[in-house]
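One structure is given here, and the rest of the page talks about it.
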Amino acid sequence: MITDLLSSTVLIGILASGIRLATPYLYAAIGETFGQKSGVLNLGVEGQMLLGSFAAFYVTFRTGNLWLGLLAAILVGALMGLAMAFVTVNLHAKQGISGIGFYLFGLGMSDLLFQKLMGTVETVRGFPRVSIPVVSGIPGIGDIFFNQNILVYGAYVLVPVAWFVLNKTTLGLKIRAVGENPDAADSLGVSVVRIRYFTIILGGMLSGIAGASLSIALLNVFQQNMTSGLGFIAVALVYFGGWRPFGVLVGALLFSFVNSLQLWIQVLGLPIPSDIAVMMPYVLTILVLVATASKIRSPSALTKPFEREG
């Protein structure tokens, strides 16, 4: 019955899982925010997440060490980011096309590695939940916010850290200057190439962590194409949030709660077709982009290659 959704137990479950499910959105979208603020659009986020997810799972599965698995995801993400930076910054490739190419590479390579190195779906013991003393015992609130795993907490800490870096530091000023007017930034001695390399590689690392959060923290399993478009939603969240970390947080929570709701609809066996329930986050993505497209201003140099004069 629909009224089952209104029970306190189910509502707490929806909210708690919504908080958890926002984790990969936040890591990937915050990383993409840094890249886009410097003028680079990376549509390869999904591919970076898939390879990071597989690397984290495989290393954890073989070694039993979750931190080594996380490190593997970060390194794979950094390498993907480095390759993306070379193609877009040095070779001046069209960012949209090259991003799709990296997505397809990540999709195909993660599938190939899974088939050759794993063969079948396995599971690992992921990051355990860490209860925050005192506050985790608060009825309802504790279960929702303060009984999560370390990667979930890290995702929410990342938001104010990203805001501070972008708005209150010299590095953030350089990133924003390169994204708005790279020629002017270059004339003032800011290395456009270095800044863009930094933000793209950082974005790749965070996308790797986003993938790892799926395979060794939330689902504790790896399977082919397990992100199912999550990386593209993360890119959409950057637009939804207006290139602001806290705006991205609001969007990530919105999408994760909708995703959590559709999962609970299936668990409760409510009379709503499962296909429609699964479509809900993606339909919301389209509606949000349509609603916000004319109301936001992107960084002026976004998707525009930089060539130093002289």
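Any idea which residue in segment 186-217 is nearest to GLY18 (Cα to Cα), counting only those that are assigned to a helix (DSSP H, G or I) and at pLDDT below 95?
Among those that are assigned to a helix (DSSP H, G or I) and at pLDDT below 95, it is ASP186.
If we keep just the residues of segment 71-126 that are among the aromatic types (Phe, Trp, Tyr) and under 24 Å from ARG194 (Cβ atoms), which is surrounded by the most Cβ atoms within 10 Å (Cβ to Cβ)?
Result: PHE102.
Quick check: is even one residue across segment 74-86 over 30 Å from GLU180 (Cα atoms) and modelled with pLDDT of 95 or more?
no
Within segment 40-62, can one find any residue that is out of contact with any strand residue (DSSP E or B) (no Cβ under 6 Å at 6 or more places or on another chain), within 18 Å of ALA177 (Cα to Cα) and not charged (D, E, K, R)?
Within segment 40-62, one or more residues are out of contact with any strand residue (DSSP E or B) (no Cβ under 6 Å at 6 or more places or on another chain), within 18 Å of ALA177 (Cα to Cα) and not charged (D, E, K, R).
Determine which single condition LEU263 fails, assuming it passes every other condition in (1) under 30 Å from LEU68 (Cα atoms); (2) assigned to a helix (DSSP H, G or I).
Single failed check for LEU263: (1).
For ASP143, work out the one condition from (1) surrounded by 16 or more Cβ atoms within 10 Å (Cβ to Cβ); (2) in contact with a strand residue (DSSP E or B) (Cβ under 7 Å, 6 or more places away or on another chain); (3) among the charged types (D, E, K, R) it doesn't fulfil.
The one condition ASP143 does not meet is (2).
Residue by residue, here is whether (1) among the hydrophobic types (A, V, I, L, M, F, W, C); (2) buried (at least 24 other Cβ atoms within 10 Å of the Cβ); (3) over 21 Å from the mean Cα position of the chain (by Cα) holds:
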residue	(1), (2), (3)
THR170	no, no, yes
ARG176	no, no, no
VAL192	yes, no, yes
PHE198	yes, no, no
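Give just the number: which of (1) surrounded by fewer than 13 Cβ atoms within 10 Å (Cβ to Cβ); (2) modelled with pLDDT under 95; (3) among the hydrophobic types (A, V, I, L, M, F, W, C) does PHE164 not satisfy?
Among (1) surrounded by fewer than 13 Cβ atoms within 10 Å (Cβ to Cβ); (2) modelled with pLDDT under 95; (3) among the hydrophobic types (A, V, I, L, M, F, W, C), PHE164 violates only (2).
The values are calculated or read from the model by the stated rules, or taken from the named source; none is laboratory data. This structure is a prediction, so every number in the text was calculated from the model and none was measured. Using ideal geometry, Cβ is built from the backbone for each residue, glycine included, and neighbour counts are taken over all protein chains shown.
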